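The values are calculated or read from the model by the stated rules, or taken from the named source; none is laboratory data. All values derive from a computational prediction rather than experimental measurement. Every residue, glycine among them, receives a Cβ derived from its backbone with ideal geometry; neighbour counts consider all protein chains shown. Please note that ligands, DNA and RNA were not included when accessible areas were found on the heavy atoms of the full protein model with its side chains. Shrake-Rupley method; radii C 1.70, N 1.55, O 1.52, S 1.80 Å.
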Amino acid sequence: MYLTEDLEMTIHANDMASPGRRTENVRSQSEIELADLASRCMPAGTFGNIPEPVVISRGAGARVWDESGNEYIDYLLGSGPMLIGHCHPEVNAAISDQLTRGTTFFANNPQGIRLAAAIADAVPCAEKVRFVCSGTEADFYAMRLARAYRKRDKILKFEGGYHGMSDYGLMSLMPTEDVPFPEPIPDSPGIPDSIQADIAVLPFNDIDLMRRFIREHHDELAAVIVEPFQRLIAPRDGFLEALREVTAETGVVLIFDEVVTGFRFSYGGAQAYFGVTPDLCTLGKACGGGFPLAAIAGRADIMDLFDRSKVGDERFLVQLGTLSGNPMAAAAGLATLNVLRQPGTYEKFFATGRKLMDTLNEMLQRADLPAQVLGAEPLFDVIFHRDEIRNYRDTVSGDAWLTGTFNALLRQRGIFKGDTKYYVSTALGETEISQTIDVWASAIEALKHAMKSRPADS
Ligand SMILES: Cc1ncc(COP(=O)(O)O)c(C=O)c1O
């Protein structure tokens, strides 16, 4: 069980940072110096990921430790890749072995080929696989591939869906104003105005609008790109099926962005979980085992545009990258997939996620907080809002002050998570679950207390 706050205070004074103990809010000289160095040499003092000055120096299983020795249960999982936990022995053995053979070749290598075959075996749409190094790249190339295949430029996406950081991906990911659909809003300065003309945006989960739009505009559309489970929002019954039906009927390429859901919702990803097979998908995070690896996968006749010998000079789509199919990354990915394939893995993983979600929901209701747990067993979070959440605009109506305050209280108590989700790992055991529940109980009490002195302008 987690320590009471009084006991923790005593430990702060007596015992900085012995393993297994948390020293809440205590930062070592070394962490302070590193944060200072970071702020001098990097914009915002960060890599652009987690905004706080925390420096994570170690991970093992379901836990991470910061440079000051504070221990956390890890629900960030490196933003998803560490699905089977940190330093998994089978992954470490595979990368140690590869390390002795060489780390990159810019050429076919056994690990990369075997990983491509494993992906093709696992993922329903994956007749052919092409590796890149990040989800951003995978999405960018999948959209280009669809444009080249269809000889049309426009991509339809859903508001709030994340498809990487490219000029095309960063459209209406987190708009702060409600413009009329299908108008896109760029999420960053520096994106050429011309790109907006090639993106259309609709609300997730509106079957009628989506069907009508695709039927009316299919002749301009190259593809529809969608997260089959958009952030924390489940597709409503029939949404993915209708999307599949209308894209098949009109010839528009359907791309599932499975960078998050791949190998997480099931071994075959969200497409196997929901039983809807797209034309193309993108994969990342889990299949790289903690290394920079992602993939575009899909129908052979579309993927063959990457093969000059099949399609000729005119239609050939050039695609390469220095580290594509990197053997270290592929070894880690392959070892991760081997672990995930073991019988019972997903049953246990889903049972853990279900227990966490149900317990948290119950605790929030018992505390009479205006909140709900949104998501599914592999990933979820609290939304401080009681109404049904069907799309992006519903999620932004949540109470941001409560979310931020609760997340800060959790971090202080030893839960390491991003602003918007808990990623569940297969490394979580009974001890971590019960510690998490203790942290929730303490953080909920503290939140109720904080609400009494909530700033008027928050
Ligand atoms: C659904 C989805 N697509 C694409 C990406 C981009 O992946 P990467 O960060 O590897 O570029 C992410 C990253 O979180 C994602 O969640």
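Results, tabulated for the structure shown:
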{"quantity": "Any chance A371 is open to solvent by 10 Å² or more (accessible area, probe 1.4 Å) and aliphatic (A, V, I, L, M)", "calculated": "no"}
{"quantity": "Any hit, the range 348-366, residues being charged (D, E, K, R), surrounded by fewer than 17 Cβ atoms within 10 Å (Cβ to Cβ), in a helix (DSSP H, G or I) and over 24 Å from the mean Cα position of the chain (by Cα)", "calculated": "yes"}
{"quantity": "Test: residue in the range 94-113 that is within 16 Å of the ligand (Cβ to nearest atom) and surrounded by fewer than 16 Cβ atoms within 10 Å (Cβ to Cβ)", "calculated": "no"}
{"quantity": "Odd one out for A371, checked against (1) in contact (Cβ under 8 Å) with a residue 40 or more places away in the chain; (2) of a type outside the set (S, T, N, Q); (3) touching a His at 6+ places or on another chain (Cβ under 9 Å); (4) farther than 26 Å from G290 by Cα", "calculated": "(1)"}
{"quantity": "Unique match (being buried (at least 20 other Cβ atoms within 10 Å of the Cβ) and outside any helix (DSSP H, G or I)) among G418, G398", "calculated": "G398"}
{"quantity": "Output for the range 197-227, where each listed residue is over 22 Å from A242 (Cβ atoms) and surrounded by 16 or more Cβ atoms within 10 Å (Cβ to Cβ)", "calculated": "D198"}
{"quantity": "M174 vs. criteria open to solvent by 40 Å² or more (accessible area, probe 1.4 Å), within 13 Å of the ligand (Cβ to nearest atom) and of a type in the set (A, V, I, L, M)", "calculated": "yes"}
{"quantity": "Members of the range 274-321 found to be in contact (Cβ under 8 Å) with a residue 60 or more places away in the chain and of a type in the set (K, R), listed by number", "calculated": "K285, R299, R315"}
{"quantity": "Filter result (modelled with pLDDT under 50, open to solvent by less than 50 Å² (accessible area, probe 1.4 Å) and not in a loop (DSSP other than H, G, I, E, B)) within the range 1-55", "calculated": "E8, I11, H12"}
{"quantity": "Flag if A330 is over 24 Å from E445 (Cβ atoms) and either open to solvent by 10 Å² or more (accessible area, probe 1.4 Å) or not assigned by TED's automatic domain parsing to the domain that holds E430 (or both)", "calculated": "yes"}
{"quantity": "Pairs, first more than 21 Å from P292 (Cα to Cα) in the range 128-154, second within 16 Å of the ligand (Cβ to nearest atom) and open to solvent by less than 40 Å² (accessible area, probe 1.4 Å), C-beta under 6 Å, six or more apart", "calculated": "A146/A223"}
{"quantity": "Matching residues in the range 139-168 - criterion: being buried (at least 22 other Cβ atoms within 10 Å of the Cβ), in a helix (DSSP H, G or I) and within 11 Å of the ligand (Cβ to nearest atom)", "calculated": "D139, A142"}
